Each structure stands twice: as structure tokens, then as C-alpha cells.
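K.L.:
One structure, as C-alpha cells, below. Some questions next.
Quick note: the coordinates plus some simple rules give every number you see, no bench work behind them. Because the structure is a prediction, the values reported are computed rather than measured. Here the Cβ is made from the backbone with ideal geometry for all residues, glycine too, and neighbour counts use every protein chain on show.
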Amino acid sequence: MRCWLVGAMVAGATLCGGALAQSNEPIKPIPLEMKLDQRKVSLGEKLFFDRRVSEDGTVACFACHGFNTGGADRTPLSRGIRGQEGAVNAPSIFNLAFNSRFSWDGRNESLEDQILKLMLNPKVMGTTWEKLSARLNTQPDYVEAFKSVFGEQANAKNISEAIVAFERSLITPNARFDKYLRGDKTAITEEEQRGYQKFKAYGCIACHQGVNVGGNMFQVFGVMGDYFKKRGNITPADFGRFNQTKNEADKHVFRVPSLRNVALTPPYFHDGSAATLDDAVDIMFQYQLGRPAPKADKELIIKFLRTLTGEFRGKPLQ
Ligand code: HEC
Ligand code: HEC
């Protein structure tokens, strides 16, 4: 198996090497709070919900990263400005503070990189930093807000700083599984505990681990079989990391996605091709583990995955 670790930790460190985890569980709870500059967070929040950020004034970040839909949307490929369909499924906006790579193909090394490029994407916001700054600097509410938070007019740097601060505030702690990890052995049922044991025993944990149960390494999609050949209709987005590096070994390599709140974010995969968690886990068994999924074990694993749904602003996500 090919394996690239990006600041990751695998307890036992059998498959991928790397540092041993602090505790003996390879998944860590989400911290209960983030220390952030609340004034930047609030300004970032205002921008996140504001359609004026998009070139034609039709789309806000929230359209594709909804808080009632697990931080993502419920469509295979979302639509940006002028109704254009994107190339990949929208990932969740929650818990990004704990990822070490961003975007499906991991091309962005920080949230700052991600936002700088996102604004320019013709299929998402379709603007330029000059246009966006100029627009915000004619809106009295923003003139006031940027002056008070940053002591200057809106520009690429402070707009992204505010949005990134807001993104880092979007955490979903206190999943039942996190309570279990913190020592409350009754927080998950006996079946869910067995599901977690299966998740480890089958090797899902080799790729999905750390605070975000993913989000911290690159892996081939199709380690044990050609997923893309089977699915057909290959698009440039299917080449994953190869698009950046042009290295053959990076063909179909993706950042392993986080499984936090995964029960709330169908459809699944970068292509949005799996409609249900059941379908997604079947595909993982087949193409990442090279074996069919025994029904009873798959059901236990899915029960475990459902314990990863956390709380947002003190209320359980649903
Ligand atoms: C039209 C739908 C759409 C809109 C609007 C949108 N996004 Fe996204 N977002 C996506 C998609 C699709 C991706 C995945 C892109 C990729 O991986 O190539 C993504 C990825 C991201 C990521 C990286 C997540 C990760 O897991 O690495 C962040 C952060 C993000 N968006 C923030 C924002 C912010 C902030 C805004 C508003 C300024 C915004 N998005 C607007 C669809 C959207
Ligand atoms: C060899 C690494 C690897 C193993 C092992 C692995 N996965 Fe994955 N998983 C991935 C990658 C890579 C993706 C993203 C594929 C894509 O969409 O391009 C993924 C995606 C997923 C998704 C979809 C997430 C989303 O938001 O779209 C689920 C659910 C999932 N895996 C569950 C599992 C389960 C359950 C197991 C064990 C039965 C497992 N995975 C084993 C690497 C792995």
C-alpha cells in the first residue's frame, strides 16, 4: 500500500510509520473550544453568509456549506455563480482547523491558500481580490467593520484572515464517540463499540484517524481495484493529486476525507457518486480493502460512524 503521512499519527504505526500517538486510541476527541479573535470571527461570519461576495451577487459560501446539512450540501456537484456545476462534491466546512491538507486533492496546504484561490474560481465566486475589496469598500457596513477590526480598508489579506478565523471557529465537539474517548464508557452502545473495533480491525483506521478521523494523509482511491474503470466517464478531477504534481504515482490520489459528521453529509466521495453511507462503505471495502463487506460487520461500522456526529454551538447536529 502506498502511504503518505502529513503530520499524522497512527497508533501502533504499523502501516504508515510516523510518531506513536499520545494515548492508545488512534482517534482523538475534538477540543471543546478554539482560542480565536472573536471580532475577526464575527466579520468572517458576516462574509460567509453574504451573497455580495460572489461576482454576480447570487451565491454565498453558505449555499454549499450549510449548517443544517453537516457543513456541506446534499447534492453530488454543487452549483456556483450563473448556475454552473462544479467538478467535485462539496466537503464539510466543519472541523477544518484539524485538517492538515485542504481540498479533495490536497492542493491547498492551509486554509489561507484555499480561500485565496477559491474567490477566483470561475465556477464558485468568480471574482478577483481587487473587485471584491473595491466592492466591500463601497458598502457602509463593511467600511465600518473593516476599520474597526483591522484599522484599514478591506483587502485580500484581511478578508481572508476574517473568513479563515470564522472557519476555524466551526468545530463540532462532544460527539458521543468523543465522550467515550474522554472516558464515558456508556456514551456509545455496546454495538457501536463493536463497530469501532471492526473499523480498526478491518483497517479503515489506517487511513481514517486523528482528530478528524481523516483529513491528514493522501491515499490512492482504488488501492485494491480500479474504481474509476468500473465507474466510467473519467473526468480531470478524478486524477486527484496528479493534477498538481504530474507524477504518475499520484494518479487518483486524494486526501483521505474526514469522517466527522459523516452521517449528515451524503452523497459521498469527490464525485458525489455514493448516495448513502451503506454504498460508500461497500465501495471502501471493495476498493480500499480488497474484500466484500460482510453485512453484519458493515452495519456495525455504520453504527459506529453515526456516533461521530457532534454538537454545533451547544446543540447536537442533525
Ligand atoms: C458552489 C458551491 C460552493 C460555494 C458557494 C463555496 N464552496 Fe467551498 N467548496 C465547494 C467545493 C465543491 C469544494 C471542494 C473543492 C475541491 O476540493 O476541489 C469546497 C471546498 C472548500 C474548502 C476546503 C474544505 C476541505 O475539506 O478541504 C473550504 C475551506 C471552503 N470550501 C470554504 C468556502 C468558503 C469560505 C466559501 C465562501 C467564500 C465557499 N467555500 C463557497 C463548494 C462551494
Ligand atoms: C487506503 C486508505 C483507506 C482505507 C483503508 C479506507 N478509506 Fe475510506 N476513504 C479513503 C479515501 C482516499 C477516500 C476519498 C475517496 C474519494 O472520494 O476520492 C475515502 C472516503 C471514505 C468515505 C466517504 C467520505 C465522504 O465524505 O465522502 C467514507 C464514508 C469512508 N471512506 C469510510 C471508510 C470505511 C468505513 C473504511 C473501512 C471499511 C474505509 N473508509 C477505509 C481512504 C481509505
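K.L.:
When each pair of different Cα atoms in the chain is counted once in the 1/r mean, what is the Kirkwood radius in angstroms, to one decimal? Kindly include the intermediate steps, with their values, before the conclusion.
P.N.:
Details: mean 1/r = 0.0489 Å⁻¹.
Result for the chain stands at 20.5 Å.
K.L.:
Sort largest first and round to whole Å: the equivalent ellipsoid semi-axes of the range 96-182, each the square root of five times a Cα gyration tensor eigenvalue. Mind dumping the intermediate values first?
P.N.:
Values: eigenvalues 177, 66, 19 Å².
Equivalent ellipsoid of the range 96-182: 30, 18, 10 Å, largest first.
K.L.:
Using label points projected 7 Å from each Cα along Cα→Cβ, tell me how many nm separate Ser273 and Glu109, to one decimal.
P.N.:
Distance between the two pseudo-spin positions: 3.1 nm.
K.L.:
In terms of modelled amide H atoms, which long-range or inter-chain residues lie less than 5 Å from the amide H of Asn108?
P.N.:
The answer is Phe102.
K.L.:
Taking a ≥ b ≥ c as the square roots of the eigenvalues of the Cα gyration tensor of the range 100-254, is the shape rounded (a/c under 1.5), prolate (a/b larger than b/c) or oblate?
P.N.:
Numbers: a/c = 3.35, a/b = 1.41, b/c = 2.38.
Verdict is oblate for the range 100-254.
K.L.:
Would you mind telling me the antiparallel percentage of the DSSP bridges in the chain, rounded to 5?
P.N.:
Details: 10 of 12 bridges.
Looking only at bridges with both residues in the chain, the antiparallel portion is about 85 percent.
K.L.:
Let me make sure I get this right: for the range 199-316, a, b and c are the square roots of the gyration tensor eigenvalues over alpha carbons, sorted descending. Under 1.5 in a/c it's rounded, otherwise prolate if a/b > b/c, else oblate. Which is it?
P.N.:
Prolate.
K.L.:
Where a ≥ b ≥ c are the square roots of the eigenvalues of the C-alpha gyration tensor, would you call the range 267-313 rounded, which needs a/c under 1.5, or, failing that, prolate if a/b is larger than b/c, or oblate?
P.N.:
Working: a/c = 2.59, a/b = 1.35, b/c = 1.92.
Cα axes put the range 267-313 in the oblate bin.
K.L.:
Can you give the translational diffusion coefficient of the range 174-256 in µm²/s, computed by Stokes-Einstein from the Kirkwood radius over Cα pairs at 37 °C and 0.692 mPa s?
P.N.:
Numbers: Rh = 15.1 Å.
D, rounded to a whole number, is 218 µm²/s.
K.L.:
Between Glu248 and Lys229, how many nm apart are label points set 7 Å from Cα along the C-beta direction?
P.N.:
Here the answer is 1.6 nm between the modelled labels.
K.L.:
Calculated FRET efficiency, Arg82 and Ala263, Cβ-Cβ r, R0 22 Å, to nearest 0.05?
P.N.:
Details: r = 33 Å, r/R0 = 1.48.
That pair, Arg82 with Ala263, gives E of 0.10.
K.L.:
Turning to a different aspect of this structure: Going through the range 30-94, which GluC sites (Glu not before Pro) have at most 16 other Cβ atoms within 10 Å and a DSSP loop state? Mind dumping the intermediate values first?
P.N.:
Details: sites: Glu33, Glu45, Glu55, Glu85; in loops: Glu33, Glu55.
Passing both the DSSP loop test and the Cβ count: Glu33.
K.L.:
Please give every one of the lysines within straight-line cross-link reach of Lys131, meaning a C-alpha to C-alpha distance under 29 Å, and leave out same-chain neighbours fewer than 8 residues apart.
P.N.:
In chain and number order, the partners are Lys40, Lys46, Lys117, Lys123, Lys147, Lys157.
K.L.:
Next question. Work out the length of the dipole vector of the chain about its Cα centre, built from +1 on the beta-carbon of each Lys and Arg and -1 on the beta-carbon of each Asp and Glu, and round it to the nearest 20 debye.
P.N.:
Charge dipole, the chain, about its Cα centre: 280 debye, nearest 20.
K.L.:
Modelling each spin label as a point 7 Å along the Cα-to-Cβ direction, I'd like the Lys185/Arg74 distance in nm, to one decimal.
P.N.:
Simple spin-label model gives 3.9 nm for this pair.
K.L.:
Here's a follow-up. Given the range 38-169 reduced to its alpha-carbon atoms as identical point scatterers, what log10 I(q)/I(0) does the Debye formula return at q = 0.20 Å⁻¹?
P.N.:
-1.26
K.L.:
Okay, moving on. Per residue of the chain, what 222 nm ellipticity follows from adding -39500 (n - 2.57) for every DSSP H run with n ≥ 4, rounded to the nearest 500? List each step's numbers first, then the result.
P.N.:
Working: 11 runs with 99 residues, N = 318.
For the chain, the value works out to -9000 deg cm²/dmol.
K.L.:
Report the GluC sites (Glu not before Pro) located in the range 99-208 that are in a DSSP loop and have at most 11 other Cβ atoms inside 10 Å of their Cβ, or state none. If you can, show how the numbers build up before the last one.
P.N.:
Numbers: sites: Glu109, Glu112, Glu130, Glu144, Glu152, Glu161, Glu167, Glu190, Glu191, Glu192; in loops: Glu109, Glu152.
Here the GluC sites (Glu not before Pro) that fit, given the DSSP loop and packing criteria, are Glu152.
K.L.:
Additional query: Name the residue farthest towards the positive end of the dipole of the chain from the options Pro257, Ala165, Met34, assuming +1 on Cβ of Lys and Arg, -1 on Cβ of Asp and Glu, about the Cα centre.
P.N.:
Going by the charge dipole, the pick is Pro257.
K.L.:
Now for a separate question. Residues with beta-carbon under 15 Å from that of Phe177, excluding Phe177: net charge, scoring Lys, Arg +1 and Asp, Glu -1?
P.N.:
Details: positive: Lys28, Arg176, Lys179, Arg182, Lys185, Arg194, Lys198, Lys200, Arg260, Lys303, Arg306; negative: Glu25, Asp178, Asp184, Glu190, Glu191, Glu192, Glu311.
My count for the surroundings of Phe177 gives +4.
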